[in-house]
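This is the structure I have questions about; it appears just below.
Nothing in this text is a laboratory measurement; each read-out follows from the coordinates by a stated rule. Since this is a predicted model, take the numbers as computed values, not measurements. Cβ sites come from the backbone with ideal geometry, for glycine too, and all protein chains shown count toward neighbours.
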Amino acid sequence: MSSMEETVVAKGRVATAAGTGIWAWVLQRVTAVLIALFLGIHFWVLHFAVVGQSISFERVAERLKNPWFIVVDLGLLAAVLYHALNGVRAIVFDFGIGRRTQRILTVAMLATGTIVFVVAAYALIAFIRS
């Protein structure tokens, strides 16, 4: 192993505390692809699928009767939340915080993401039922 490889491995840039290391890295890349996919679908359905019709409450409510649109919206939300919160987490980790603080931050980010997702899903369901 070259000295550069040893330095990168020794600094633990991929493997971090809280047992998330490589999976957090892989999921960061996967969510980037999912965001591009879901956002593309979202924009296509909202802006290009039906040309010449204005967006109104009734049109949005009609669209949300389709379960696939709900899946796309919730998938987009989940991907964006993970990608954003894991990105912030990675930036803070780069400052060299201790393992205990890394674990606390990981749990805090997970809790924040879960709470925001549940509240947003609840709001979407409430909108559909209205």
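Can you tell me, using C-alpha contacts under 8 Å and at least 6 residues apart, the relative contact order of the range 3-129 as a whole percent?
The normalised contact order for the range 3-129 reaches 33 percent.
What is the distance in Å between the Cα centroid of the range 57-130 and that of the range 20-41?
The distance from the Cα centre of the range 57-130 to that of the range 20-41 comes to 13 Å.
Kindly put THR114, THR106 in sequence by how many other C-beta atoms sit within 10 Å of each C-beta, fewest to most.
The fewest-first ordering by Cβ neighbours comes to THR114, THR106.
Averaged over all directions, how much area does the convex hull of the C-alpha atoms of the range 3-129 cover when projected, in nm²?
Average of the hull's projected areas for the range 3-129 equals 9.7 nm².
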